[in-house]
Amino acid sequence: MITLKIIGSIVLVASGVLAALSYRGFEWRKLSTLDGFISLIFYIKGQIDCYARPRGEILESLPPEVFHACNCPRGARTLEEMIDASRIYLDEEPLRLLTSFASEFGSTFRVEQLRRCDHYISSLGEQRRIVAAEVKSKSRAGSAMWICLSLGLMILLW
């Protein structure tokens, strides 16, 4: 009977540690997703500025690394699809900014489009600084919560 309790305790603590690691990874993925979308807008700006490519050609020529950095599938054909696939990793304000960028993308002249890219890059950069400041404390607090929860449950069931 005691061996089953020990095995159960080990399983509870291991599941708490795995949940803590998952939560920590999720918080860091939020930051990397935001970095990916900032890189995407930089790429779009470069394509508009240097090559004067239309919207469809820009999205078709995206390298696979951009899709990976934005945490969306390679088959996404529009910015809206990319944002929708990454929605779980985006907070409210970055999501609003990206949705606004996607709705404006390709609807104005070249000079205005470049200006808007700069605006969204700076706005998302500010949001990135906020998320980066929060990610360490959130991941520590979340990790501690999961581990303490598993240890508390182990003590209750012992």
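Among the candidates LEU98, LEU79, LEU114, LEU59, single out the residue that is closer than 22 Å to ILE48 by Cβ, surrounded by 12 or more Cβ atoms within 10 Å (Cβ to Cβ) and within 14 Å of the chain's Cα centre (by Cα).
Result of the check over LEU98, LEU79, LEU114, LEU59: LEU98.
Could you tell me which of the residues ALA19, ALA76 is assigned to a helix (DSSP H, G or I) and over 16 Å from VAL131 (Cα atoms)? Walk me through it before giving the result.
Numbers: ALA76 fails: assigned to a helix (DSSP H, G or I).
Of ALA19, ALA76, the one residue that is assigned to a helix (DSSP H, G or I) and over 16 Å from VAL131 (Cα atoms) is ALA19.
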Under 7 Å between Cβ atoms, at least 6 apart or on separate chains: pull out the pairs that start in the stretch 78-96 with a residue that is at pLDDT 95 or above and hydrophobic (A, V, I, L, M, F, W, C) and end on any residue that is open to solvent by 20 Å² or more (accessible area, probe 1.4 Å) and assigned to a loop (DSSP other than H, G, I, E, B).
none
Suppose we filter the stretch 119-158 for residues that are over 25 Å from ARG24 (Cβ atoms), open to solvent by 70 Å² or more (accessible area, probe 1.4 Å) and within 21 Å of the chain's Cα centre (by Cα); how many remain?
1
For LEU40: the one exception among (1) open to solvent by less than 10 Å² (accessible area, probe 1.4 Å); (2) over 24 Å from LEU114 (Cα atoms):
(2)
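Taking the stated definitions as given, is SER123 assigned to a helix (DSSP H, G or I) and touching a Leu at 6+ places or on another chain (Cβ under 6 Å)? Let's see the steps before the verdict.
Values: assigned to a helix (DSSP H, G or I): yes; touching a Leu at 6+ places or on another chain (Cβ under 6 Å): yes.
Yes.
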Taking ARG116 as meeting all but one of (1) in a helix (DSSP H, G or I); (2) closer than 30 Å to TYR23 by Cβ, write down the number of the exception.
(2)
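The values are calculated or read from the model by the stated rules, or taken from the named source; none is laboratory data. Quick caveat, the model's predicted, so the values are computed rather than measured. Because the Cβ atoms are built from the backbone with ideal geometry, glycine has one as well, and the counts that use them run over all protein chains shown. Please note that ligands, DNA and RNA were not included when accessible areas were found on the heavy atoms of the full protein model with its side chains. Shrake-Rupley method; radii C 1.70, N 1.55, O 1.52, S 1.80 Å.
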